[in-house]
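Below is one structure; the comments refer to it alone.
What follows draws every value from the coordinates through simple rules; no lab data is involved. Owing to the predicted nature of the structure, the values given are computational and were not obtained by experimental measurement. Quick reminder, even Gly has a Cβ in these numbers, built from the backbone with ideal geometry, and neighbours come from all protein chains shown.
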Amino acid sequence: MNSVNLALIKEIDNLWKPVYPYLAKQIHELYGRRDGIILEIGPFCGVIFTLQRKKVGRSFLIATFPPEMSDFFRQEAKKRKLRDKVEIIETDSSLTGIKENKIDLAIFRGAFFFPSLFKVNFAAIQRILKTNGIAFIGGGFGKFTPDKVIKDIGKRSRDLNLQIGKIEVNEDQLWEDIEKSNVKEKIEIISEGGLWVLMRK
């Protein structure tokens, strides 16, 4: 990935910091637990630090790609004094290096909207989830983020997303992609506060 894209992704990850507490609230509501192994996937990570601070989860991993993003997240963990709490793994969309049936909660933001960067691998997410594990996959501000927070960052976020290569995706296209992937898990699409797939194993 070129350095321009990387700089834009890092900027958007920082820009979204005010959103993470509200997204974390929605994710915790769906997850319904305070234990388990939590994984955040891809280049658009950060909400995992809020979950850790709110004591949602017992063990924390970021599976990041492209590889150049790993240093950024190591620095983010260091800033929060979480280097020994949040493990950073370099991987790809097939989640190489993550064991089968290991993860209780997987979070993959920005998942469907940047096909020039990566494609969501539903089968890989299915593989790494434990029985009764869930995955929250997609994008948006979530249902709890206040209008003021959205307004404050909305324009810059839109501009950055377009520069990175964001495309529009609707529910019908998403169902098509899910059907093509032959994933047999329980799938629900949540359109409140964005466009999200909730996968339950």
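Numerical summary
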{"read-out": "Highest-first arrangement of 56-68, 187-199, where packing means the average Cβ count within 10 Å", "value": "56-68, 187-199"}
{"read-out": "Anchor Lys201: lysines whose Cα lies under 28 Å away (excluding residues fewer than 8 positions away in-chain)", "value": "Lys25, Lys54, Lys55, Lys85, Lys99, Lys102, Lys119, Lys130, Lys143, Lys180, Lys184, Lys186"}
{"read-out": "Shape call, the range 135-201: gyration tensor on alpha carbons, a/c limit 1.5", "value": "oblate"}
{"read-out": "Mean separation of Cα contacts under 8 Å (6+ apart) over length of the range 126-201, as relative contact order %", "value": "57 percent"}
{"read-out": "The range 44-119: relative contact order in percent, alpha carbon pairs under 8 Å with at least 6 residues between", "value": "33 percent"}
{"read-out": "Dipole magnitude of the range 110-201 about its Cα centre (Cβ charges: Lys, Arg +1; Asp, Glu -1), debye to nearest 20", "value": "420 debye"}
{"read-out": "Ranked by how many other beta carbons lie within 10 Å on average, peptides 42-52, 175-185, 135-145, 28-38 from highest", "value": "42-52, 135-145, 28-38, 175-185"}
{"read-out": "For the chain, size of Cβ-based charge dipole, Lys and Arg +1, Asp and Glu -1, in debye", "value": "1000 debye"}
{"read-out": "Farthest positive-ward along the range 3-200 dipole, Cα basis, beta-carbon charges - from Ile103, Phe65, Ala124", "value": "Ile103"}
{"read-out": "Straight-distance crosslink candidates among aspartates and glutamates, where the alpha carbon sits under 19 Å from Lys155 and sequence neighbours closer than 8 are dropped", "value": "Glu11, Asp13, Asp147, Glu168"}
{"read-out": "Potential lengthening between Lys130 and Lys54 on full extension [0.36 nm per residue; Cα-Cα distance subtracted]", "value": "25.1 nm"}
{"read-out": "Highest-first arrangement of 83-91, 101-109, where packing means the average Cβ count within 10 Å", "value": "101-109, 83-91"}
{"read-out": "Structure-based [θ]222 nm, the chain - -39500 (n - 2.57) summed over DSSP H runs of at least 4, per residue, nearest 500", "value": "-12000 deg cm²/dmol"}
{"read-out": "Descending principal axes extents, the chain, alpha-carbon based, whole Å", "value": "41, 38, 34"}
{"read-out": "Solvent-free Debye scattering, log10 I(q)/I(0), computed from the Cα coordinates of the range 1-113 at q = 0.18, 0.19 Å⁻¹", "value": "-0.89, -1.00"}
{"read-out": "Shape call, the range 75-118: gyration tensor on alpha carbons, a/c limit 1.5", "value": "oblate"}
